[in-house]
Amino acid sequence: MDLVCLADSTTILKPVYPMDVPPGFPIRVDETARTATVAAGVPQRILLDYLAAYKTPAAPLGYSLAAFSFYIDQTIGGAVATGTHGSTLQHGSTSNQVTRIELALANGTLAAITPDSHPHLWRAVQISVGRLGVITELDIRIVPQRMLTRTIETQSFAEAIASVEAVAAAHGAALAANASDAEMSNRYMADGKGSLMSCRMWAWTSVFVAGLTNSLGSNATLMQRQAIVTEDKTTNKQTSDQFPDDQYELSVPLHHAGACLRKVMAAIQDSNLAGGFVLPNLIRFVSGEGAYLANTHGGPRVFVNLEDDLSGNTGRPNARFQEVVRIFRQECGARLHWGKAGWPQWGACFDGSREYPDSWCHFGCAVQELDPKGKFRSLAEVWAWRATRNGSDAAFASCCDADGFSAEVCCGAATIAAAPPVQFNFLSASESATQALAGILAQERIAGDCYCLLGVVGAGKSAFSRAFVRAAAGDEDLPVPSPTYLLQSIYDELD
């Protein structure tokens, strides 16, 4: 295995045509197959610029990826592992454009997996979040670069929601008419029109809007590499070094997106949440995919990229921002992007079998096959699977076969608890009432219980935690700090 080290995303690779490719060169173009073989450590920016410059009689304007993301200084291996995406209802995420993935496995060997060689494992490795091995190389589809017309349209938040609903309606009509992929692409805004939809949502300033418009330029016809909007290197470096931010991204099913966005808009207007945002939030569309952990497994989704620019620069929690995230996550049932912020805070009680009901156990079977001893297991308690056979717990591995999880043999149980949760509402009128509730729950606790504390500043999270831990330990004077800023607190006093 050849390892190629590139200094950073400012590196420029000049095209090297097939007859001149040296051993270990990180990018190799196959014009016949319309694919590029790429070392996993190559940043997307370098790959895109290399392909654009790769001009031949078959592609006089060079090549490109069919669709790519706004942030392109991520490595291509990282982009594939996490399901990074642009905006397209035809081509899907970067992971969906890959045709072969080579991984270094837990046993020290290299495995090349394709849709034909291992159909089940392929659906697992397409988006594996590093859980199955280390991606070393991949093949990805390329297309001849073309000219695209980019238009800029200013919309209010309400108009943007109406646009989202129009896309959903057109998509539904195309499905009802059994339209082909190409016809559906033309009907409901896939690539040419609206490849990246940027909505003026909450706290844009006129200065920022003017600056954004100037950077995009006026309506123009450009080559694909320039027409699809990406963040430039200078801005990326400045934000990384001087103005840190947290990028959250949440997705909701396309046909529910309009209702969800209306709920968010109402909350922002009624609760004065706009102050939690400084820079724009992006709305993008991505088609449904077959990868087990694809955010769009089950159908197309609308992605909303939220940027918290205040917490890292002020040193204070951004409660208004987090309330918007809560609405998306809890009231809209939004999924978190695997490669962005929100973990572990909003994934503390993540249950894969509920969030990915049709594919989570299949992915678990791939883990059993490729990493049975858990070498690539992360610190997050996300990667857990349980199964039952005839009403009793079963060894999960015994429920797996060459095609994944066998629903005929076993039933996949909830990751955190096999029984459905008991729900009740308790309205606390005082801190003492909150403490009393915490004391009751502490006495009823069992090993493995997970408590998610969500609320704005002053809601009572610290009061609840302090009362719960002290009641469980039987020590009214036990020091218990606020749980908000800590990754983990271990109390040896608890049995």
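The values are calculated or read from the model by the stated rules, or taken from the named source; none is laboratory data. Small disclaimer: the values here were computed from a predicted structure and weren't measured. Cβ placement follows ideal geometry from the backbone for every residue including glycine, while neighbour counts extend to all protein chains displayed. Side chains included, ligands, DNA and RNA excluded: accessible areas come from the protein's heavy atoms. Shrake-Rupley method; radii C 1.70, N 1.55, O 1.52, S 1.80 Å.
Inspection of the stretch 202-212 identifies no residue that is farther than 26 Å from Phe328 by Cα, modelled with pLDDT of 70 or more and aliphatic (A, V, I, L, M). For the stretch 465-477, does any single residue satisfy the condition of being surrounded by 17 or more Cβ atoms within 10 Å (Cβ to Cβ) and among the polar types (S, T, N, Q)? Yes, because at least one residue in the stretch 465-477 is surrounded by 17 or more Cβ atoms within 10 Å (Cβ to Cβ) and among the polar types (S, T, N, Q).
Please verify whether Ser93 is among the hydroxyl-bearing types (Ser, Thr, Tyr), outside any helix (DSSP H, G or I) and in contact (Cβ under 8 Å) with a residue 24 or more places away in the chain, treating the condition exactly as stated. So Ser93 fits the description; yes. Per this entry, Arg123 is not counted among residues that are surrounded by 22 or more Cβ atoms within 10 Å (Cβ to Cβ) and farther than 21 Å from Tyr292 by Cα. Restricting Asp309, Asp371 to residues that are out of contact with any Cys (no Cβ under 9 Å at 6 or more places or on another chain), within 25 Å of Gln126 (Cβ to Cβ) and open to solvent by less than 30 Å² (accessible area, probe 1.4 Å) narrows the list to Asp371.
Only helices (runs of 4 or more DSSP H) whose full extent lies in the stretch 309-381 are considered here, and none of them has at least 3 residues that are modelled with pLDDT under 90 and closer than 24 Å to Thr75 by Cβ.
Scanning the stretch 134-191 for residues that are more than 30 Å from Asp371 (Cα to Cα), open to solvent by 50 Å² or more (accessible area, probe 1.4 Å) and basic (Lys, Arg), we see that the one that is modelled with the lowest pLDDT is Arg187.
In the stretch 316-330, the residues that are within 11 Å of Leu250 (Cα to Cα) form Cβ pairs under 7 Å with partners that are open to solvent by 50 Å² or more (accessible area, probe 1.4 Å) and in a helix (DSSP H, G or I), at six or more places apart or across chains, as follows: Ile327/Lys263. So which of Val264, Val304 is under 18 Å from the mean Cα position of the chain (by Cα) and open to solvent by less than 20 Å² (accessible area, probe 1.4 Å)? Result: Val304 is the single residue among Val264, Val304 that is under 18 Å from the mean Cα position of the chain (by Cα) and open to solvent by less than 20 Å² (accessible area, probe 1.4 Å).
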